[in-house]
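Worksheet for the structure shown next.
The values are calculated or read from the model by the stated rules, or taken from the named source; none is laboratory data. All values reported here derive from a predicted model rather than from experimental measurement. Note that each Cβ is placed from the backbone with ideal geometry, even for glycine, and that neighbours are counted across all protein chains shown.
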Amino acid sequence: MNGALTDYNIGYLDEQTKRMIRRALLKAVAIPGFQVPFASREVPMPRGWGTGGVQVTASIIGEDDVLKVIDQGADDTTNAVSIRSFFAAVTGVRTTTRTDEATIIQTRHRIPETPLAAGQTIVYQVPGPEPLRFLEPRETETRRLHALADYGLMYVKLYEDIARYGHIATTYDYPVMVAGRYLMAPSPIPSFDNPKMHCSPALQLFGAGREKRIYAVPPYTDVESLGFEDYPFEPQRFSRPCAICGSVGVYLDEVIIDDAGGAMFVCSDTDHCERAVARAAETKTGETKAGETKEVPA
Amino acid sequence: MYVAVKGGERAIANAHALLAKEGRGDPRLPRIGPDAVAGQLGVLVARVMTEGSLYDPDLAARAILQAQGDVLEAITLVRSYRTTLPRFGYTLPVDTSGLPPQRRISATFKDLPGGQQLGATFDYTHRLFAERDTAGPRADSPAGPPPAMPRVTDLLGTASLLEPDNAPGAGDPEPADLTREPTVFPMTRAERLQALARGDEGFLLGLGYSTQRGFGSTHPFAGEIRVGEVEVEVAAPELGFAVPLGRIEITECQMINQFKGNADTPAQFTRGYGLAFGRAERKAMSMSLVDRALRAEDFGERIVAPAQDEEFVISHSDSVPAAGFVEHLKLPHHVDFQAELGLVRRLRGEFDERAAAGGAVSDNTGPDNTGPDNTGPDNTGPAGEGSAGELMLAEAGA
């Protein structure tokens, strides 16, 4: 934030608006996976850049909270930096990059590698809250399909993927069934992250500002990724470890390092990666300096 | 290199400092003040106020300057400020028949009570670059109070040739406010008109134009267009009378459309309505065309064109979400792209395996593809092969 700010309420939104959003959140928590329409406000960043997540965070954040903001898993991507500095300016709360220190984590496209704990809230920025939207463009119609729990369209889509490609060809924003009732878009997290939503001890809130919808998954709620008995849900996996910290079983970014097709794979979760490196350094200095090999994977 | 997208606070601060410098232009030239913008770019200011849903010429002028002339950016600025303002209540309906028009024309009558008044208009100007005298017209207008100018729709309405302002028995329902309440389709006409008033002028212009070209035709006539200042009043129940808040300049368009009628009801013209802040004729006219097109269901018309489709029009007319979402593609998406990349590599790997096993892929087994060229060093260089093999996804359950 540069330049002087004109007077704004704490958290930017006025108290009436926060109350309206909190009511929508309560309803969302009461009906897991159900999209609650809310009177989405403009916020000082463009629509589609996390305005839903920003409104949810602005409505729940208090003085004692510690905020972490990530985009693509990283704390240092430009939009994460921008949103974090926005909240630092309009709320004055403490911010962090450490997943385990944060009470509120606002995210775009990832769930942190560090498992979330009870008492934490993760706020997802959602571009398209309607999992059926690309199968049925009309809101009036998709509302009816949800009311009737008529999700045949989605199963047909997944079946067609299998018939055409031999696999379910959805790799992110992979549809989930929440508490056995509502089909829900998990936001464009990679399907790799989907299992983390299931029975998470953290409260999961979803804000879609442009589409004016809020939904939620309360702690310890069933979140089942769709699949078939013979073609079950398959989260993506990486066969290699991170080239920096050596972690395995984490989501990796492919970083192109030359113009001849060379690439390295590194953690998408920057906090996880930094701490893994720090831990490795600690154990190394603690022990005898046995061979200063870098943990470069084969 | 992609990591360049990962930037710290310093990169952002520097980018904004550069932006401010670009916006200043040549420092030897005087800076444009908001007063100059408000006074000399009135039409632009009107657009920012209308689509920003806030009547404040000074703030709109500031927004235009801060946005360096990017209208949609200026509108977003105004909206983001407006949304934090408390709402105290509704004004009384503005009485546009009472406004002393600066401009008032009707295309449906050669002359009418109050007369035609051209006012300040680009119509009939020759679009040639020229410096014009800015002293204003010769003051030869007759003294005395301006003549009454009843609305054309009221004149026609008295003879029931035109559908009335409100359907019989409509009462006076509480107007909705789509900035404060969730929007759910189908909308009331009042909500739709709010959405259209905030809607992007270019989008509504295109849709209005499409109805004229046959995509949901409504046979429109510009019944009346008027521009002028109206008094804004708010009811104060404890005082027992209306309190004037001030005057705002508006443009109103009453479109008269295709008549309806059948054996049971006499034929009657239908209407579309447009209203915008300031001088904004194109916007008001486009809005009235789209308003009428969206009323298709009211008149039992078949919905066949985009302009008649409420969900399509209303969901996409607002420039703030539209611009934001299109431009959000600039944000990093490498996590999702990585997931797609993994799948495409896997599918290609399986394809190659099938081909190698002499599967159904016959096109690739021709002599051209199996020749020695294909296995030459150029194609199997370590760089190329290495990266393609790195991210094979593990098999299911592995």
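State whether the residues of region A:182-199 include one that is surrounded by fewer than 21 Cβ atoms within 10 Å (Cβ to Cβ), within 12 Å of another protein chain (Cβ to nearest Cβ) and either on the phi < 0 side of the Ramachandran plot or not basic (Lys, Arg) (or both).
Kept after step one, since they are surrounded by fewer than 21 Cβ atoms within 10 Å (Cβ to Cβ), are these residues of region A:182-199: A:182, A:195, A:198-199.
Next cut, within 12 Å of another protein chain (Cβ to nearest Cβ) only: none.
Within region A:182-199, not a single residue is surrounded by fewer than 21 Cβ atoms within 10 Å (Cβ to Cβ), within 12 Å of another protein chain (Cβ to nearest Cβ) and either on the phi < 0 side of the Ramachandran plot or not basic (Lys, Arg) (or both).
Would you check if B:ARG87 is of a type in the set (D, E, K, R) and part of a loop (DSSP other than H, G, I, E, B)? Don't jump to the end; show me each part of the working.
Values: of a type in the set (D, E, K, R): yes; part of a loop (DSSP other than H, G, I, E, B): yes.
Considered against the rule, which asks whether it is of a type in the set (D, E, K, R) and part of a loop (DSSP other than H, G, I, E, B), B:ARG87 comes out as yes.
Out of the helices (runs of 4 or more DSSP H) lying entirely within region B:286-393, which hold 2 or more residues that are at pLDDT 90 or above? Please lay out each step first, then the result.
Working: elements: B:310-316, B:319-327, B:334-356, B:367-370, B:382-390.
It comes to B:310-316, B:319-327, B:334-356.
Given the options A:THR114, A:THR57, A:THR78, A:THR95, name the one that is at pLDDT 95 or above and farther than 23 Å from A:ILE10 by Cα. Steps first, please.
Working: A:THR57 fails: farther than 23 Å from A:ILE10 by Cα; A:THR78 fails: at pLDDT 95 or above; A:THR95 fails: farther than 23 Å from A:ILE10 by Cα.
Just one listed residue meets the conditions, A:THR114.
If you scan region B:323-340, which residues turn out to be at the interface with another protein chain (Cβ under 7 Å from one of its Cβ atoms) and of a type in the set (A, V, I, L, M, F, W, C)?
Just the residues of region B:323-340 that are at the interface with another protein chain (Cβ under 7 Å from one of its Cβ atoms), to begin with: B:323-325, B:327-328, B:331-332, B:334-336, B:338-340.
Of everything in region B:323-340, those that are at the interface with another protein chain (Cβ under 7 Å from one of its Cβ atoms) and of a type in the set (A, V, I, L, M, F, W, C) turn out to be B:ALA323, B:PHE325, B:LEU331, B:VAL335, B:ALA339.
Take B:ALA13 and decide whether it is within 12 Å of chain A (Cβ to nearest Cβ), exposed (fewer than 12 other Cβ atoms within 10 Å of the Cβ), within 21 Å of A:PRO44 (Cβ to Cβ) and not aromatic (Phe, Trp, Tyr).
Numbers: within 12 Å of chain A (Cβ to nearest Cβ): yes; exposed (fewer than 12 other Cβ atoms within 10 Å of the Cβ): no; within 21 Å of A:PRO44 (Cβ to Cβ): yes; not aromatic (Phe, Trp, Tyr): yes.
When the stated conditions are applied, B:ALA13 does not pass them.
Would you mention how many residues in region A:4-57 are closer than 22 Å to B:ALA195 by Cβ, assigned to a helix (DSSP H, G or I) and touching a helix residue (DSSP H, G or I) at 6+ places or on another chain (Cβ under 7 Å)?
2
Among residues belonging to region B:18-56 that are part of a helix (DSSP H, G or I) and in contact with a strand residue (DSSP E or B) (Cβ under 6 Å, 6 or more places away or on another chain), point out the one that is surrounded by the fewest Cβ atoms within 10 Å (Cβ to Cβ).
So, considering only residues that are part of a helix (DSSP H, G or I) and in contact with a strand residue (DSSP E or B) (Cβ under 6 Å, 6 or more places away or on another chain), the one surrounded by the fewest Cβ atoms within 10 Å (Cβ to Cβ) is B:ALA46.
Since A:LEU67 meets every condition but one in (1) away from chain B (no Cβ under 11 Å); (2) closer than 22 Å to A:ARG19 by Cβ; (3) not in a strand (DSSP E or B), which condition does it not meet?
Unmet for A:LEU67, out of (1) away from chain B (no Cβ under 11 Å); (2) closer than 22 Å to A:ARG19 by Cβ; (3) not in a strand (DSSP E or B): (3).
So which of B:THR183, B:THR134 ends up being among the hydroxyl-bearing types (Ser, Thr, Tyr) and at pLDDT below 85? Steps first, answer last, please.
Values: B:THR134 fails: at pLDDT below 85.
Of the residues listed, the single one that is among the hydroxyl-bearing types (Ser, Thr, Tyr) and at pLDDT below 85 is B:THR183.
May I ask you to say which residue of B:ALA267, B:ALA322 is of a type in the set (A, V, I, L, M), touching a residue at least 40 places away in the same chain (Cβ under 8 Å) and out of contact with any Pro (no Cβ under 8 Å at 6 or more places or on another chain)? Please lay out each step first, then the result.
On the way: B:ALA267 fails: touching a residue at least 40 places away in the same chain (Cβ under 8 Å).
Testing whether each residue is of a type in the set (A, V, I, L, M), touching a residue at least 40 places away in the same chain (Cβ under 8 Å) and out of contact with any Pro (no Cβ under 8 Å at 6 or more places or on another chain) leaves just B:ALA322.
Do you know which of the residues in region A:70-115 that are part of a loop (DSSP other than H, G, I, E, B) and of a type in the set (A, V, I, L, M, F, W, C) is nearest to A:PHE192 (Cα to Cα)?
A:ILE111
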